[in-house]
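Single-structure report; data block below.
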Amino acid sequence: MASTMTSPASRPDTTGDELVRNDLVRSAPPSPAGPAEPQDMHLPEPPKVPLPKQVQVLQMNYRQIEYMFRWRRRLGEVFRNRGVIAGGPVITCHPDHVKSLFTADPAIAPSLTAESPLLPIVGPNSVLTANGPRHLRQRRLLLPPFHGEAIERYTRMITEVTEREIERWPVGTPFALAPRTQSITLDVIMSGILGVEGRPRRGTPEHGAASTLPLYQVAELLNLGHEEPVGLTRRGVAILDRYTYGVIEAARRDPGLEERTDILAMIMRARTEEGETLSDREVRDELLTLILAGFETTANSLAWTWERLVRTPHAYDRLRDAVRSDDHAPEHIEAAIIEGMRVRPVIPTIGRRVMVPWRLGDYVVGAETPIVMSILLLHHREDLYPDPFAYRPERWLGRKPGTYEWIPFGGGTRRCLGATLAMAEQRVVMDAMVRRLDLEAADPEPEHVNHRNVTMIPKKGARVIVRSRR
């Protein structure tokens, strides 16, 4: 299984009427899953990957695509590996198994993000790393900034940011798209999350916070296996904290805080039903979570979608024609994004630790077993997605993704809070790029995957050439 996950370069055009006949999205055969019943206890445990732990850790960190697909082929859709997660995770990729975990009581299937490498950086109070009542409390407090009128305000801001950024891109010269989409995302973070218009001035806490973003990528890797920051990670977190607490302090002193519409201000004003507000430490943890999680994922999702589009001419031509003629443009934009996130999920796995014996199809695992749902394998099931390695946005014209079949944002009570904002940003950026730019691949060969901490990103940053700008 090549790390490029290659697919045919071109396919016949497809109309909306043909979609039903092509049947590009299907259903997987049922597979029983959930808390094990007494009659299930005779079932065997899943087969194990027969490699030393150290080898598996290296392969998962550096060649996860090959590792996952190889053992999926050899052992089936449920198998066990050994790695950095305590207890040795069981890997699954069946939508019924996903549903059983997403819909389970969080008390019996808590999230593995509480054991995430990000824990020493974003802290234990974050909606990402907290479990149980604390997680639900944090989630309720953070929901308002990510819905309704707030998203409409952010969309207008994202449009302005995108138009400014596109004007800076060179014409006729190859460049990596990922840093450019990260630049857009950084401006969105500064304005939408921190309330800073444009790039922050040097010497301000906001500038310090933005300039130290790359630190967390190194810190996360150096701190694997530790709940508290150690060594160089401790120094990096101290730098992050100095600037982050400076941003919070400046916001608290702002006489206009009550009128501000940025996410930081809304978090600081939020109150529980008992009238509680978040402490500075809780605000710090949530702020770092929003910044670090949003900075990496949305920008690289956009980069991956374009990496696929410029190597799939029929899909790019169809999208460009639809958008520039305003012929169901939003539907085509949405389809292009959804398919990009299917074939190239930036976050390849999510997990739960089941506190009771759990059935996964033909197998049962014991209490306290970590179960990892492979988004990568799920999104490439041939019974769900015929021609699974091909980038075919027409799958989604007239269809919505299944809740348990398309899971780049996770699901259940742990579904990404920023999913609505992330999709809004991608829609705006995609629409502007398709309308204004004619792009082509800098190299016809598909880009390999670079595994960076918990993400999969384009190895060369999705290099493209702008042939013309409108």
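Each reported figure results from applying straightforward, stated rules to the coordinates on display, with no laboratory input. Fair warning: this is a prediction, and the values are worked out from it, not measured in the lab. Here the Cβ positions follow ideal geometry from the backbone for every residue, glycine too, while neighbour counts run over all protein chains shown.
Couple of notes before you dig in:
- Long-range amide H partners of residue 48 with built H, under 5 Å: 80
- For the range 78-88, backbone phi angles converted through the Karplus equation (6.51, -1.76, 1.60; θ = phi - 60°) give residue-by-residue couplings of 10, 7, 10, 10, 10, x, 7, 7, 4, x, x Hz, Gly and Pro being listed as x.
- Available extension along the chain between residue 175 and residue 383 is 71.2 nm, counting 0.36 nm per residue and deducting the alpha carbon span.
- Local electrostatic count at residue 408 - Lys and Arg +1, Asp and Glu -1, tallied over other residues with Cβ under 10 Å: +2
- Applying 1/(1 + (r/R0)^6) with R0 = 30 Å to the Cβ-Cβ distance of residue 53 and residue 147 gives a FRET efficiency near 0.10.
- Residues residue 455 and residue 269, FRET efficiency given R0 of 45 Å [Cβ-Cβ distance, rounded to 0.05]: 0.90
- Annotation: amide H-H contacts under 5 Å for residue 43 (H modelled 1.01 Å from N, sequence separation of 5 or more, or interchain): none.
- Cross-link partners for residue 99 among the aspartates and glutamates, with Cα-Cα distance under 12 Å and sequence neighbours closer than 8 places in the same chain left out: 405.
- Proxy reagent accessibility, fewest Cβ within 10 Å first, across 126, 279: 279, 126
- The charge dipole of the range 16-469, taken about its Cα centre with unit charges on the Cβ of Lys, Arg, Asp and Glu (plus for the first two, minus for the last two), comes to roughly 1040 debye.
- Here's how it looks for residue 452: its modeled amide H is under 5 Å from those of 457, which are all 5 or more places away or on a different chain.
- 3J(HN,Hα) along the range 363-373, derived from phi through the Karplus expression 6.51 cos²θ - 1.76 cosθ + 1.60 where θ = phi - 60°, amounts to 10, 10, 10, x, 4, 6, 7, x, 10, 9, 8 Hz, with x in place of Gly and Pro.
- Centroid-to-centroid separation of the range 79-145 and the range 399-470 [C-alpha atoms, Å]: 24 Å
- Phi to ³J(HN,Hα) by Karplus 6.51 cos²θ - 1.76 cosθ + 1.60 over the range 40-50, Hz, x for Gly, Pro: 8, 5, 7, 5, x, 7, x, x, 9, 5, x
- Average Cα contact separation per residue, the range 279-363, under 8 Å, 6 or more apart, as relative contact order %: 30 percent
- As a proxy for reagent exposure, ranking 103, 113 by other Cβ atoms within 10 Å from fewest up yields 103, 113.
- For the chain, calculated [θ]222 nm from helices alone, where every DSSP H run of n ≥ 4 adds -39500 (n - 2.57): -14000 deg cm²/dmol
- Extension gain for residue 235-residue 140 works out to 31.0 nm (0.36 nm per residue, less the C-alpha to C-alpha distance).
- The simple Förster model, with R0 at 35 Å and r as the Cβ-Cβ distance, assigns residue 252 and residue 103 a FRET efficiency of 0.35.
- Span from the the range 241-281 Cα centroid across to the the range 306-367 one, whole angstrom: 35 Å
- Fully extended contour minus Cα-Cα distance, from residue 155 to residue 66, at 0.36 nm per residue: 28.3 nm
- If you take all other residues with their beta carbon under 12 Å from the beta carbon of residue 451, and give Lys and Arg +1 and Asp and Glu -1, the sum is +2.
- Packing-based exposure ordering (other Cβ within 10 Å, fewest first) of 169, 406: 169, 406
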